[in-house]
Amino acid sequence: MLDVQIHKKLSHFELDVTFTADHEIVVLFGPSGSGKTTILNCLAGLEQPDKGCIHLGDSLLYGEGKSVPAQQRKVGYLFQDYALFPHMTVEKNIWYGVPKKDRPNKIDVIQQLLDVLRIHHLIKKYPHQISGGEKQRVALARALATEPSLLLLDEPLSALDEETRLQCQDELLRLHQLWEGVPFLIVTHNRQEARKLGDRILHLNNGQLIDEWKNER
Amino acid sequence: MASADYTPLILSLKVAAISTTIVFIIGIFFAHLIARKQFFGKSIIESFFLLPLVLPPTVVGFGLLLLFGKNGWLGKWLLDWFDVQVVFSWIGAVIASIVVSFPLMYQSAAAAFANVDVRLEKAARTMGASNWRVFWTIAFPLAWPGLLAGLVLSFARGLGEFGATLMLAGYIPGKTDTIPMAIYFAVESGHMEKATFWVIIIVALGFSTITWLNWWSKRNMRRFANEKGR
């Protein structure tokens, strides 16, 4: 269970949001520049709120004068254009977040990810040698390889063409069913995508949550 | 030149190699520390770092002489505590070389680190990587072409250093006579053959360094352009 209260002064407005996320897909929907990515950055520990608190399960990630560093939050983050390391193979990208001492015990987890995401054949390739849809799947595998307690996805499908986008939407839904204990928080400015992916959709504008609706899928 | 004394070549290579190693480490340290941070006085610090690029070498040498001379603040301390004399020694040549080549390394490294996509470092942190690991596995390898350019330029600058070295280390044959020094004093004493020999050596060294750097950077530019373009 994710419990969020964030207050942060941005250059054009004040971000002030309160929401929760259970084991579900929550979509943060809103126009560009409405504060969606800042929320993800605050949850990941890459930016600090001015006030508020962030609870993930039993852990306090931010609040009461403390802030857990990004390295220790166990929050997976899929960046907008995936941020795959260009100088590493797909295999090295995926294993990057798994500590060396844990690797022998994690082989099954990684194998499962490679199977589910169908990226076995890509492991020796470099990011510039694979397509946009494949990059998205590799980035998902990399984020999930650390076995995060929360997965943040920042416009994960915006760089893809229409056909690949539809395929990847289905993939995300399937993946969430498999990792059902992990809340997914997805940022998008695409209304159709928000409706398809979200169990709950939070509508953000100028830093404020102006609407919230449940998806009847 | 059958019985040529190769001390200037050996000394020049020794001075350039030691100074380049030191400059490579401190240049990377300061560039990585400062490149992405915005703080009050940043441009003043950077101007101070780059100052030796625009000052005449004699001015740099004069400043170093004041600092490292027998009565200078650092020179006195080094002599009293470590029995190390900087002036009129090859160590003086190394220090002069460090000071004049540092701006080249700093500038190259700062530009190289600024070009590394900050999101890659952020992504690594969210996967549990420490700052040290992020540096060694992400920032350093991705900045490597720029760092290598800085390394080569610093080496070439160290190899050719003359003015500040003459002020600080002086000209002592067999002790502080680097190639540029040997050329100058050979010409002054009318030994044109000897001067020509050293000119050919240093031109060959400089030319091969720059040619290699150009070839290498073009090859890497192509590779990085391909990676970014796809």
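The values are calculated or read from the model by the stated rules, or taken from the named source; none is laboratory data. This structure is a prediction, so every number in the text was calculated from the model and none was measured. All Cβ positions, glycine included, derive from the backbone under ideal geometry; neighbour counts span all protein chains shown.
Mind listing whichever residues of the range B:197-219 are closer than 14 Å to B:Pro180 by Cβ and not hydrophobic (A, V, I, L, M, F, W, C)? Break it down into steps so the answer makes sense when it comes.
So the first thing to find is which residues in the range B:197-219 are closer than 14 Å to B:Pro180 by Cβ, and the list is B:197-203, B:205-206.
The one that is closer than 14 Å to B:Pro180 by Cβ and not hydrophobic (A, V, I, L, M, F, W, C): B:Gly206.
Only one of (1) free of Cβ contacts under 8 Å to residues at least 40 places away in the same chain; (2) under 25 Å from A:Ile94 (Cβ atoms); (3) among the β-branched types (Val, Ile, Thr); (4) not in a helix (DSSP H, G or I) is not met by A:Ile210, so which one is it?
The failed condition is (2).
Could you check the range A:60-75 and list, in sequence order, the residues that are at negative phi and either more than 7 Å from chain B (Cβ to nearest Cβ) or of a type in the set (S, T, N, Q) (or both)?
Pass one, the range A:60-75, residues at negative phi: A:60-62, A:66-73, A:75.
A:Leu60, A:Leu61, A:Tyr62, A:Lys66, A:Ser67, A:Val68, A:Pro69, A:Gln71, A:Gln72, A:Arg73, listed by residue number.
So that you can scan it fast, the table gives a plain yes or no per residue for (1) surrounded by 19 or more Cβ atoms within 10 Å (Cβ to Cβ); (2) among the hydrophobic types (A, V, I, L, M, F, W, C); (3) under 22 Å from the mean Cα position of the chain (by Cα); (4) within 27 Å of B:Phe29 (Cα to Cα):
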site	(1), (2), (3), (4)
B:Phe140	no, yes, yes, yes
B:Trp144	no, yes, yes, yes
B:Ser154	yes, no, yes, yes
B:Ile183	yes, yes, yes, no
B:Trp212	no, yes, yes, yes
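Return the residue satisfying two criteria in turn: it lies in the range A:42-59 and is out of contact with any Lys or Arg (no Cβ under 7 Å at 6 or more places or on another chain), charged (D, E, K, R) and more than 14 Å from chain B (Cβ to nearest Cβ), and of such residues it is nearest to A:Thr20 (Cα to Cα).
A:Asp58
Given the conditions (1) more than 21 Å from A:Ala83 (Cβ to Cβ); (2) modelled with pLDDT under 90, report the number of the one that B:Val199 does not fulfil.
For B:Val199, the failing item is (2).
Just name the residue that is nearest to the other protein chains (Cβ to nearest Cβ) out of those in the range B:112-127 that are outside any helix (DSSP H, G or I) and surrounded by 19 or more Cβ atoms within 10 Å (Cβ to Cβ).
Here is the first cut: in the range B:112-127, the residues outside any helix (DSSP H, G or I) are B:115-117, B:127.
So of that shortlist, the ones also surrounded by 19 or more Cβ atoms within 10 Å (Cβ to Cβ) come out as B:116, B:127.
Numbers: B:Val116: 10, B:Met127: 3 Å.
Ranking the candidates gives B:Met127 first.
Hey, among the residues in the range B:128-138 that are of a type outside the set (S, T, N, Q) and part of a loop (DSSP other than H, G, I, E, B), which one's surrounded by the most Cβ atoms within 10 Å (Cβ to Cβ)?
As a first pass, look at the range B:128-138 and keep what is of a type outside the set (S, T, N, Q): B:128-129, B:132-136, B:138.
From the residues that got through so far, the ones that are part of a loop (DSSP other than H, G, I, E, B) too are B:128-129.
Values: B:Gly128: 19, B:Ala129: 21.
Here the answer is B:Ala129.
I want to confirm something. Restricting to the range B:105-133 and keeping residues that are hydrophobic (A, V, I, L, M, F, W, C) and farther than 30 Å from B:Ala16 by Cα, which single residue is modelled with the lowest pLDDT?
Checked the range B:105-133; the qualifying residue modelled with the lowest pLDDT is B:Val118.
A:Pro31 - would you say it is facing another protein chain (nearest Cβ under 10 Å) and surrounded by fewer than 16 Cβ atoms within 10 Å (Cβ to Cβ)?
Considered against the rule, which asks whether it is facing another protein chain (nearest Cβ under 10 Å) and surrounded by fewer than 16 Cβ atoms within 10 Å (Cβ to Cβ), A:Pro31 comes out as no.
Residue under question is A:Gln169, and the condition is that it be farther than 21 Å from A:Thr89 by Cα and not small (Gly, Ala, Ser); does it hold?
yes
Take B:Ala109 and tell me if it is on the phi < 0 side of the Ramachandran plot, buried (at least 24 other Cβ atoms within 10 Å of the Cβ) and within 11 Å of another protein chain (Cβ to nearest Cβ).
No, not satisfied.
Taking A:Gln112 as the residue in question, decide whether it is more than 14 Å from chain B (Cβ to nearest Cβ) and surrounded by fewer than 21 Cβ atoms within 10 Å (Cβ to Cβ). Give the steps one after another, and end with the answer.
Details: more than 14 Å from chain B (Cβ to nearest Cβ): yes; surrounded by fewer than 21 Cβ atoms within 10 Å (Cβ to Cβ): yes.
It is true that A:Gln112 is more than 14 Å from chain B (Cβ to nearest Cβ) and surrounded by fewer than 21 Cβ atoms within 10 Å (Cβ to Cβ).
If the requirement is being touching a residue at least 24 places away in the same chain (Cβ under 8 Å), away from chain B (no Cβ under 14 Å) and surrounded by 15 or more Cβ atoms within 10 Å (Cβ to Cβ), which of these qualifies: A:Ile186, A:Ile130?
A:Ile186
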